[in-house]
Structures are given as structure tokens and as C-alpha cells.
Amino acid sequence: MLADNINLAFKNIKERKTRVFLTLLGIAIGIMAIVSLMSIGEGMQQAVVGELSSLSDTIIVTTGDISVSSMGGGFSGGNNYFSQRDIEDIQRIDGIKSVDPVLFSSGVVEYNGESQYVSLLGLDSERMTEIFGIEFLGLETGEFMDEGDQNKCIIGHNVAYEYFDVSVYLGSKIKLNGQSLVVSGIYKQQGAGMSVPTDDYAHLTTRDFKKITGQENMTGIMIKVYDIDNAEQIALECENIINDNHGDDDYANSITMSSILESVQQIIGIIQSVLVGIAAIALVVASIGIMNTMLTSVMERTHEIGVMKAIGARNSDVMIVFIMEGVMISLIGGGIGVILGILGAKAFSSVSSSGFMGSPMPIYPVITIFSILISLVIAMIVGVMSSIYPARKAAKMSPIEAVRYE
């Protein structure tokens, strides 16, 4: 019986190719959007996790507000600074691997007769790569400074390519606060919101920073711990020690990279849900199209329905025929949508990895069996729900009146 219903539904679909094609096209677009957005969202989440997971044993302490939304602003903490006593007290905490003060200031960069304000970051290059890792920071060109290097700097992507009419290249000489330095490296583009904001920075060794700015103010502290599980407790302990030293309960703020990672994952999840919700609107429109197609089919096949009921078909049999037809249209459209969604996600990945969209990291879509199955299940549910009303309308027809209908 099921095979007969499938054959009958398939026969009716073939007889109305154009109308059915336009109907399943709506379903295909909705499913394509859902599959592509789910896979891109999953790929984005894995890319972020891959970038930040290596930093999960890192604690950042500043004297200013510190949150996921403010991480891209650097280590500026207003007019409050850390003291040498703060550093020494933190170093005595059990479970800490290393403590590195960060010097931050603003300065003027000059190149090719032009000048711009730039953020200056003072931290020995060797320590910076130990804290964050070369793969995470990454240089587009050049190399990190060695211990003992002087009058060298590493500049951010924006400083090199957007600050001046003429791009700054590896080996170029620039002036920072009137002091001549050689560009030994250019950071790869990080993008907004990254935990180590390098795009608009000039990175100097601690020695050169103090010489150029005349400042020794510590605005941030980078802490590495041995055990990631103790990071939150150690971060709180660091806050309490510094606050006690300065007599201010809100003097220091700390955040662990693992908590940043969790927050970023939540944000990506919310964005992904919103995007999928928007894509679902296309399915609502498509379901209306299926309902309209099925209602038209019921009117065109009134005589056929009467004959079916006259030879003994029950109301449930008539309903199954029409519901089966709606489900088949929806599943065919869903299958096409899955294929288009996979191709669309891969096309997005190619565009983003080429740098055309200004993405700081390549995003590779993650196509899962779950996303494909859930998409096909959604397509089937849409087909069933959209066919129920037309199927009930067909089942309630009087066989006598239906047979007489021309």
C-alpha cells in the first residue's frame, strides 16, 4: 500500500513539473540557508577555539575595565598603574609559572613625511612569543626580535598598510617619538576583538619602550599558570593582592583566557541561532507555497478523488496520498537544498580565506551528519504540516459530488 501511495504521488508530481519545481525551489533555498549557516557557524566556532585554546593557561590583569568586548582596546588602564611590589607579591603565589608586566603608551609614528598616532606596546619579544605562541601571534613577514636587539620594532597590519599613503615594508625605517627604528616584522592581521590587539600597535622591547617614551608605567600583567584548573582561583587571588596594596577594591581586574573562550563560544552560538532563525523564514514562505500547490492539486483532482472514494478508499487513504505528495516535494527540495548549502558554505570559505572579506583567520565550514539529518527532518515536517489542510479538504469531499465534478 505504501509503495502504491509513493508511486501515485510521484506520478502526480511528474504531471505538474513546472509548478512543483517552483514549489520545491522555495524549500531548497530555506534548507540551503540553514545548512550553510550551521556549517559556517560551526567552522567559525572551531576556528576561534583553535586560536584561543593554546592561551587557556593565561591570565590578563589590568587596572581598567576588562571584558570580552573591551579586550581589543589593549592594556590601557587610565591613570592607574601597577607597582613593582604588585609584581613581587604575585610572583609569590603558588601555581604561577611566569609574571610579565606590560608597558603601554601612545606615541607618534613618522614615515615618508607623514605622521600618525599609534599605540606602543612594551614587552620583550621572546617573552611575548612564550606567552602567546608564535602560531597565535603570527608574522605576515619578518621575524621576532631576539634578546638584546635594539632600535627594532614589529608593527601591526594596519600601521603597515593603512596609516600612510605608502605602505611600510620589512626593513623600512620609521620614527617613533622622533627615534629612528627598523621594522623587523609585520604582524598578520588580527581583526577586531582579538585578545592580543596588534593591528594598530608598534611592539618594542622593554628597553626601547622606556628609552623612547621615558615611561616605566606598568598598565598590564600577563600571567601563566601551571594548572589551567586553578586559573580562576589564581586570577581572583591576584586581584585581591593588588587591591589590598592600593587600598581600592576595584583597582585591578583580571580575566582568564578560558573564560574569554567560553564567552566567545556563547556569542557565536547566539549569532548562529539568530541567523538560522532568519533562514527559517524562507521555510515558512516555502510551506505556504506547498500548501497553495496542494490546494490547487486537490481542486484539479476532484473527480479522481471521487473515483477513489467510490471504489472504497477511506478518508485516511485519501489524506495519505496527498500528504505523501507534499512530503516528497519537500524532501526533494530539502535534498537539493543540502547540496546547495554545502556548496555555498565551501564557496564562503574560499572567499573568506582569500582575504577578500578582510577575515583575520580562515573559516572552514564543518558539515556534520547531524546538520544534514536535521535539515531533512525539518523539510519533512514542513511537507507534512503544509499538506495536512489540503489533505483534510480532499478527504472530506462527498464522493457523489466529487465524481460528478468536471
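Descriptive notes on the structure:
- Of note, Glu300 satisfies the criterion of being in the same structural domain as Phe21 (by TED's automatic domain parsing), acidic (Asp, Glu), on the phi < 0 side of the Ramachandran plot and without any contact (Cβ under 8 Å) to a residue 24 or more places away in the chain.
- Residue count for the range 224-275 satisfying the condition of being among the β-branched types (Val, Ile, Thr), more than 19 Å from Asn80 (Cα to Cα) and surrounded by 17 or more Cβ atoms within 10 Å (Cβ to Cβ): 6.
- Considered as a group, the residues in the range 1-18 that are part of a helix (DSSP H, G or I) and crowded, with 16+ Cβ neighbours inside 10 Å include one that is modelled with the lowest pLDDT, and that residue is Asn5.
- Any hit, the range 290-306, residues being within 30 Å of Lys14 (Cβ to Cβ), more than 25 Å from the chain's Cα centre (by Cα) and at pLDDT 85 or above: yes
- Among residues of the range 363-382 that are at pLDDT 85 or above and in a helix (DSSP H, G or I), those with a Cβ under 9 angstrom from a residue that is buried (at least 20 other Cβ atoms within 10 Å of the Cβ) and among the polar types (S, T, N, Q), sequence gap 6+ or separate chain, pair up as Ala379/Ser330; Met380/Ser330; Ile381/Ser330; Val382/Ser287; Val382/Ser330.
- For the range 153-168, the tally of residues that are of a type outside the set (A, V, I, L, M), more than 25 Å from the chain's Cα centre (by Cα) and buried (at least 20 other Cβ atoms within 10 Å of the Cβ) stands at 2.
- Sole residue being under 26 Å from Leu121 (Cα atoms) and either within 27 Å of the chain's Cα centre (by Cα) or not in a strand (DSSP E or B) (or both), chosen from Ile241, Ile221, Ile267: Ile241
- Residue check for Ser330: closer than 16 Å to Met397 by Cα, among the polar types (S, T, N, Q) and either in a helix (DSSP H, G or I) or in contact with a Cys (Cβ under 9 Å, 6 or more places away or on another chain) (or both): no
- Within the range 241-254, residues that are without any contact (Cβ under 8 Å) to a residue 24 or more places away in the chain have Cβ atoms under 6 Å from residues that are outside any loop (DSSP other than H, G, I, E, B) in these pairs: Asp249/Asn243, counting only partners at least 6 apart in sequence or on another chain.
- In the range 169-196, the residue that is modelled with the lowest pLDDT out of those that are assigned to a loop (DSSP other than H, G, I, E, B) and surrounded by 20 or more Cβ atoms within 10 Å (Cβ to Cβ) is Ser195.
The values are calculated or read from the model by the stated rules, or taken from the named source; none is laboratory data. A quick note: this is a predicted structure, and the numbers were derived from the prediction, not measured. Note that we place each Cβ from the backbone using ideal geometry, even for glycine, and neighbour counts take in every protein chain shown.
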